[in-house]
Amino acid sequence: GTPIRTMVGLLLLKRIYNLGDETVIEQWVQNPYFQYFCGEAEFQWKPPCDPSDMVHFRKRIGEQGAEKILEVSINTRRDEIKTTNDVLVDTTAQEKNITYPTDSSY
């Protein structure tokens, strides 16, 4: 079977990024950050499980179990989030107002 850490990680990634079962498995294979989040130490080229295993896992833990996993994952950093006044902003995708000499806008 698939390790519980991997299944819980996949469930959290699915909820965080609003992905489907097949999509989260595809992203896991392509994204080393997803794999690290799920407990892998080395990059894996094969999916950790079949997408149908996600359905079976959710049925086993039930809706309350899924909510409990999400609640615990939020609560683990709640104190840290409350005590900081820092705001993190990713500006790598913002447009810059730069005109290059090769632009033909003159």
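Kindly provide the set of residues from region 1-36 that are assigned to a helix (DSSP H, G or I) and open to solvent by 60 Å² or more (accessible area, probe 1.4 Å), ordered by number.
Matches in region 1-36: I4, R5, R15, I16, Y17, E22, E26, Q27, Q30, P32, Y33, Y36.
Go through region 37-74 residue by residue and tally those that are open to solvent by 70 Å² or more (accessible area, probe 1.4 Å) and either more than 18 Å from G1 (Cβ to Cβ) or not in a helix (DSSP H, G or I) (or both).
15
Within region 54-81, track down each residue that is over 18 Å from the mean Cα position of the chain (by Cα) and among the acidic types (D, E).
E63, D79, E80
Suppose the filter is under 18 Å from G1 (Cβ atoms) and touching a helix residue (DSSP H, G or I) at 6+ places or on another chain (Cβ under 6 Å); does I25 pass it?
So I25 passes the test.
So, in region 45-94, how many residues would count as being modelled with pLDDT under 90, of a type in the set (S, T, Y) and closer than 21 Å to V8 by Cβ?
Qualifying residue count for the region: 2.
The values are calculated or read from the model by the stated rules, or taken from the named source; none is laboratory data. Since we're looking at a predicted model, the values are computed, not measured. In this analysis, Cβ positions are derived from the backbone assuming ideal geometry, glycine residues included, and neighbour counts consider all displayed protein chains. We work out accessible area using only protein heavy atoms, side chains counted, and drop any ligands, DNA or RNA first. Shrake-Rupley method; radii C 1.70, N 1.55, O 1.52, S 1.80 Å.
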